[in-house]
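The values are calculated or read from the model by the stated rules, or taken from the named source; none is laboratory data. Note that the structure is a prediction, hence the values are computed from the model and not measured. When we count neighbours, we look across all protein chains shown, and the Cβ atoms used for this are built from the backbone with ideal geometry, even at glycine. Note: areas computed on protein heavy atoms with side chains; ligands, DNA, RNA excluded. Shrake-Rupley method; radii C 1.70, N 1.55, O 1.52, S 1.80 Å.
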Amino acid sequence: MASDLLNVGTQSVLTAQRQLGTTGHNISNVNTEGYSRQSVIQGTNMPRQYGGQTYGMGVHVENVRRSWDQFAVKELNLATTDYSKKRDTEENLNMLSGMLSSVASKKIPENLNEWFDAIKTLADTPNDVGARKVVLEKANLVAQNLNDFHDTVRRQYEVTNKGLEVGVKRINQLAIELRDLQRLMMKTPGPHNDLMDQHEKLVKELSQYTKVTVTKRKNAEGFNIHIGNGHTLVSGTEASQLKLIPGKPDTHQLRLAMVEGKGIKPISHRDIDGKLGALFDMRDNQIPHLLDEMGRMTTALSYEVNDLQSQGLDLRGDIGQKMFTDVNSEEIAKSRVVTGSNSEADMEVYIDDITQLKGGQYSLLYDGSDYITTLPDGEQKVLEPSGGELNIDGLRIKINNEPEKGERILIRPTRDAARQIKTMFNDPTKIAAQSYEASTTFALGTAEFNILAAGDLREFEVDVSDLGNTFSVKDKNGKVVLKDEDYPPSGPVTVMGTTFELTAGALPKDKFTANLVPSEGDNGNLRKMQDLQTAKNMNDNESTLIDLYQDLNTNVGLRMSTASRLTDVARIEKQSAEERIASVSGVNLDEEAANMMKFQQAYMASSRIMQAANDTFNTILQLR
């Protein structure tokens, strides 16, 4: 019985010692991030039978339990992902809003209004070369300011791509750390309480970058860790790696891929969420929206001013030249098309109607005959080529060489316009102040009448016949110099050295009158330019040029305000999840102090049992 008593005392002392050690471990790690409280689970030893009676044999340690709630941990990881994305989105929008509120950005509408003011001043004295120089100087400021703003935003695009590279690099590091940790846990017997804390800490950090799902493998072979929409990053003792690869068709629009052995599999980033999700949203949505809308305003300005320049005479009596970059030059028309690096497709995008012009990106998927088109708002349309061209939203897409079947083409009508705008001349005499269109013009149709070159015929009239199928040209004396030509003409018409174009859309009996004789002090064309400031030529004739900038500023501000509210909600949800984890896994110092005293007393009492056993042995040994 003395040996049984010694055994009971010994196990009791060891159990109390382990309880004291575990309690001390908890107290030591009270401020350790990610630490989960541990507790010793003790059980009663198997009893023994003596003389028909059952006698207890003391206590033993069954295991050291880690306070842990699987659902609470999962909730925290999801809340961490959501909060990281919404917080970063708010910060990104706040930065873009700051760009629009910066001094440089505010100069854009200010300079534009100053240019219109200079036009008004010139309209009072059209022959004043000094006033003409001011108009050109203000035009240069407008173009330069737009160029600078585009460059600033474009640099942010590159910074975002760099941020994606940094994020992917850290995810790969976390994958390797998790793999090594799981290998260590599989090599040693469990429970792996402290290692599991490290594991969950790494998973929590990973959840800041992307959505994470953790599933337990069979036969204690570790865990599978999936990111995004089920892409396996870590599987037991093996880890995959993420990689950024060139986009398709836009090689600068880097996309995600998973490295699997020697192969690389592209994956979608739509369900990634977290920090990476915010970066992709910034790069693919927020920054392009800013560039597209600023480019739309720039395109409309160039288009309208250049159109009016071509409708007037300059100080030397010549047809006006384009003041700003030609938005429909072949070079710029090609720049609006994005194809793959190995594509043989050849397309050009021309702008025919700025009232219908929209910002954003069009995606064309060629099916062998038609083009399945995804509009900027996500709507899909099937476009059938007509005469080698596609027409949509005021755009005319000229197809010089068709893409391959199944190939995708991107159309960005206004993305680079703010970078491309330049003033095309610095000679103030080339400003077309005088309008060549006479006041006697009577046209109810939609046809456009433009002078391309001035020859000997300086004053003339183009009359559409009563049936609307022919037209004739008369000089200033009413003499017919060109009779009964087919309407609409197949191309430019030249009469006595003067060349003009007349598009389809005229009604029967429409009349177009031109006066190409220089008239000192004429400001008809300047008054038309002046009217552009208040003309609602955008958004289906609902917005002015300045309205586009104001709407963009307001839109970004509203997005930032919404993002701020969503961030606040996500922050509360994350805090709630953290509190739930703390209530389950957190260390309470008061509770641990009480446990320390309790286990200390148990240790001392167990020592007395061993002392009693020792005294009993000594008494027996002293018997003779």
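Computed over the range 1-157, the range of Cα coordinates on each principal axis works out to 130, 25, 18 Å, biggest value leading. Put simply, the amide H of LEU233, placed in the peptide plane, has neighbours under 5 Å in ILE225, HIS226, ILE227, leaving out anything fewer than 5 places away on its chain. A simple rule links phi to the HN-Hα coupling: the Karplus curve 6.51 cos²θ - 1.76 cosθ + 1.60 with θ = phi - 60°, which for the range 597-614 gives 5, 5, 6, 5, 5, 5, 4, 5, 5, 5, 5, 5, 5, 5, 5, 5, 5, 5 Hz, with x for Gly and Pro. For LYS398, the lysines whose Cα falls under 19 Å of its own Cα, not counting residues fewer than eight places away in the same chain, are LYS334, LYS358, LYS381. A 1.4 Å probe run over the protein chains yields, for the chain, 50 Å² of accessible area per residue, whole-number rounding.
In this structure, the amide hydrogen of LEU452, modeled 1.01 Å from its nitrogen in the peptide plane, lies closer than 5 angstrom to those of THR499, PHE500, GLU501, counting only residues at least 5 positions away or on a different chain.
Could you pull out every residue, at least 5 positions away or on a different chain, whose amide H is within less than 5 Å of the one on ALA433? Hs are placed 1.01 Å off N in the peptide plane, and Pro or chain starts have none. The answer is LEU313, LEU315. Using θ = phi - 60° and the Karplus form 6.51 cos²θ - 1.76 cosθ + 1.60, what ³J(HN,Hα) does each residue of the range 291-296 get, whole Hz, x for Gly and Pro? Once θ is set to phi - 60°, the couplings for the range 291-296 become 5, 5, 6, 5, x, 5 Hz. Once Cα Rg over 2.2 N^0.38 Å is worked out from the coordinates, which option in (i) 1.56; (ii) 1.12; (iii) 1.29 does it equal? The listed entry that was calculated here is (i).
Longest exposed-loop-site-free stretch of the chain, with GluC sites (Glu not before Pro), DSSP loop and at most 11 other Cβ within 10 Å?
Numbers: sites that count: GLU33, GLU344, GLU379, GLU520, GLU542.
Longest gap between qualifying sites, sites excluded: 34-343.
Adding -39500 (n - 2.57) for every DSSP H run of four residues or longer, then dividing by how many residues the chain holds, sets the calculated 222 nm ellipticity at -16000 deg cm²/dmol. Karplus-derived 3J(HN,Hα) values for the range 317-334, using 6.51 cos²θ - 1.76 cosθ + 1.60 with θ = phi - 60°, are x, 8, 5, x, 8, 5, 7, 10, 3, 6, 5, 10, 5, 4, 4, 6, 4, 6 Hz; glycine and proline are entered as x.
To put it simply, the accessible area of the chain at a 1.4 Å probe is 48 percent carbon and sulfur.
Taking trypsin sites (Lys or Arg not before Pro) across the range 311-342, the ones in a DSSP loop with at most 16 further Cβ atoms lying within 10 angstrom of their Cβ are ARG316.
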